[in-house]
Every structure is written in C-alpha cells, then in structure tokens.
Amino acid sequence: MNKSVSTILRSRALRSFHAVSRYPRHPLSTMAKLELSVPDLTLPDGNKIPMIGYGTGTAWFKKTEGAKDQACIDATKTAIRVGYTHLDGAEVYNTEEELGAAIKESKVPREKLFVTTKLNDSDSKSISDIPGSLDRSLKKLGLEYVDLYLIHSPFFAKGDKKLLQEAWAQMEQMAATGKAKSIGVSNFLKSDLNAILETCKVRPAINQIEYHPYLQHGDLLEFHKSKDIKVSAYGPLTPITRAKGGPLDGYLESLAKKYAVNPGEVLLRWCIDQNVVAITTSSKEQRLSDMLRIFTFKLTPKEVEEISDLGKEHHFRAFWNHIFDANDKS
Ligand SMILES: NC(=O)c1ccc[n+]([C@@H]2O[C@H](COP(=O)([O-])OP(=O)(O)OC[C@H]3O[C@@H](n4cnc5c(N)ncnc54)[C@H](OP(=O)(O)O)[C@@H]3O)[C@@H](O)[C@H]2O)c1
C-alpha cells in the first residue's frame, strides 16, 4: 500500500480507537476497533498488572465519605467498558464505595479486573490495625480480595524505620490471608524502601509514585530495578495539565504529530517505554478511548531519552507539597 495512504488510514483508525478488552462489551459503532488489549507487567511475585490504570482519586476525591458520587460511578463504568481493567482506589479518596458500585454494575467477572486500594497511613487507627483497614475497604468495595494493597505513604513513620517495618509485617499478613494478592507501597523513597528490605519476608511488588518528566526523582527508577521492585506512575500528565508552559511543550507536540496522537498519550507512552505502569483518569469517554492508543505505537529509545533530558530542565511536584521543599527533587 502507498505509504501516505496507509498512514492516513492508520491515523483515522487511531483517532477513534476502542480497545478490544478481555470481556464482552458493547462497542460504539462509530469507533474503530483494533485487535489489541492492554499489556501486563509481571510483578516480582508473579502476578500481572495491566500497564494502564484508571484512578478514582484526584478528580474524584471526596473529603468525607458522604453520599455516593454518581458521576464517579458512571465514569468508572465507562472506563471499564472502554477497556480499562486496572482500577486504582484508596481508603483516603472516600470513593471505594463508588468503585465497588461501578465494578458490580459493570457485570465484568471479578477475575478480569485488577483492583488496587491503599491503606490510609495518615489515620493512626488504620496503620495500627491493617487487617481491620483492609476488611473495611473490602466491605466498601464489595470484594473478597484486592489485587494490590498499598501503604499510601511512608510519611506516618516520620523516618522511623521500625514503624515502617512493623507496618510492612502487617501487610505481609494480608498477602498470606489472600485478601491482597500483591502488596506494595506508594510515595516511598530509597531510605523508606531500604528500611522495609532490611526485614521483609515478601518484598514490595511495586511502588506507586508521582512520576513524569518534571519529577524523575534522580536515580530512583534505577534503584527500583536493582531491588526488583516495579514502579507505577501517578500524575503522568502533569507536564500538559498542571505544569503547561514548560520546556517539553514543543517536543511533545512534534512527537504527537509524528505518531498521530495527543501530547498526553506521548507522556503515557514515555512511562510504558520505561516499564512503568501509568495511572491516569478522565471524566471523558473520548479521552479514555484515545489514551488506549498508547498501545499502538512506541517511542524510540532516543525519544524517551530526549523527553527525560528536557524534563530535567524543569522541576514540578504536583502532590505532597506540604511534605517536600519546593526545590526537593527526591
Ligand atoms: N498514591 C498517591 O499518592 C496518588 C496521588 C495522586 C494520584 N494518585 C492516583 O493516580 C490517579 C491519576 O492521577 P492524576 O489525576 O494526577 O493523573 P493524570 O493522568 O496526570 O491527570 C488526569 C487528569 O488530567 C486531565 N486531563 C487529561 N488530559 C488532559 C488534557 N489534554 N488537557 C487537560 N486536562 C487533561 C483529566 O481530566 P478530564 O476529566 O478533563 O479528562 C484528569 O482529571 C488518581 O486518580 C489516583 O488514583 C495517587
């Protein structure tokens, strides 16, 4: 086929992409269907995590439990229907009930989904009774187990190694009961991980961190590789949402043009090409659908490196700014 014709056909198909997910659903007739599904990353414990996750925090966060947010339920159901099988929740988001309702109403078999929730370490009751916390979360989710249970942050310990190690020992019990298929952490830096690695029987499968070109945390990714701990990235779109106007804008635009996608998809692909699971969210079906186009192209190693290099010219942290100094890049 003439190269320019094939390029046009591909970009037309990609413009309205709908993933072929692992369960029967009702594809929109106006959307092209490509025969592919979301790839998995194998965790150190052998379990598999889908490379893109749909988040029920940030945009959906509620300060208190209160009434159920129907918009969150509907958006999560849409995400599932579009092809997202990896769903990210947390006790502190106060949206576990919404996530549970969406899962139930989606009618997708439980084993086809990968559900994460996180222990609210800022609540001393939760941290001192992790089995009780997980039971509470499971009840709200309406599930018998989660695929991944994370300690939301190490900040409760204020650098006290023993507190981190004690919490991790309770997490290991959760894996032993089968109520959490995999266990991991979130927002942990090297010193926090080292504390756990000193005494653990089961190493953290994954660390969920804020990760995008403007916050690469020095050599933290390399450190994870050396310890066989996987990484997932939250806030991956930060350079085009919260930190627009930075040194990456032009380059992201040019790559988006090259691959017939949007700049946000280039950022998600930058994670995937480094073996980092991307956790994103959207209230818009079209955007959710478009984002799955990231599994139809690959950045070259040089492009990944160039994004990283340009990203290092600017520092921006979107979360936990009350914990870190403005110039702290760790
Ligand atoms: N462990 C932790 O401490 C932690 C912290 C933060 C987040 N998380 C998890 O990570 C998930 C994702 O975090 P995030 O929301 O920061 O992810 P993100 O992928 O960086 O941002 C998603 C947001 O960007 C908006 N967006 C997407 N494309 C856009 C564009 N082209 N222009 C303007 N806005 C655009 C979406 O809004 P639309 O609805 O308009 O598409 C959505 O609200 C959360 O839901 C949560 O599950 C974890």
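Computed from the coordinates by the stated procedures, all read-outs in this text should not be read as laboratory data. All values reported here derive from a predicted model rather than from experimental measurement. In this analysis, Cβ positions are derived from the backbone assuming ideal geometry, glycine residues included, and neighbour counts consider all displayed protein chains.
Of note:
- Available extension along the chain between residue 59 and residue 111 is 16.1 nm, counting 0.36 nm per residue and deducting the alpha carbon span.
- Taking trypsin sites (Lys or Arg not before Pro) across segment 85-121, the ones in a DSSP loop with at most 14 further Cβ atoms lying within 10 angstrom of their Cβ are 107.
- When you filter the trypsin sites (Lys or Arg not before Pro) in segment 242-276 for DSSP loop state and at most 15 other Cβ atoms inside 10 Å of their Cβ, you are left with 242, 244.
- Formal net charge of residues neighbouring residue 200 (Cβ-Cβ distance under 13 Å; K, R +1; D, E -1): -2
- Distance between the pseudo-spin-label points of residue 190 and residue 48 (7 Å out from Cα toward the beta carbon): 3.4 nm.
- A simple spin-label model places pseudo-atoms 7 Å from Cα toward Cβ; at residue 312 and residue 173 they are separated by 4.4 nm.
- When you filter the GluC sites (Glu not before Pro) in segment 111-220 for DSSP loop state and at most 13 other Cβ atoms inside 10 Å of their Cβ, you are left with 144.
- Fully extended contour minus Cα-Cα distance, from residue 298 to residue 321, at 0.36 nm per residue: 5.0 nm
- Net charge of neighbours whose Cβ lies under 12 Å from the Cβ of residue 307, counting Lys and Arg as +1 and Asp and Glu as -1: -4
- Charge tally in the Cβ shell below 12 Å around residue 178, where Lys, Arg are +1 and Asp, Glu are -1, residue 178 excluded: 0
- Spatially proximal lysines relative to residue 190 (Cα-Cα < 22 Å; intrachain offsets below 8 disregarded): 118, 158, 161, 162, 201, 225, 227, 230, 312, 329
- Inter-probe distance in nm under a simple model that places probes 7 Å from Cα toward Cβ, at residue 241 and residue 166: 3.6 nm
- The chain, helix-only ellipticity at 222 nm - DSSP H runs n ≥ 4, -39,500 (n - 2.57), divided by all residues, nearest 500: -11500 deg cm²/dmol
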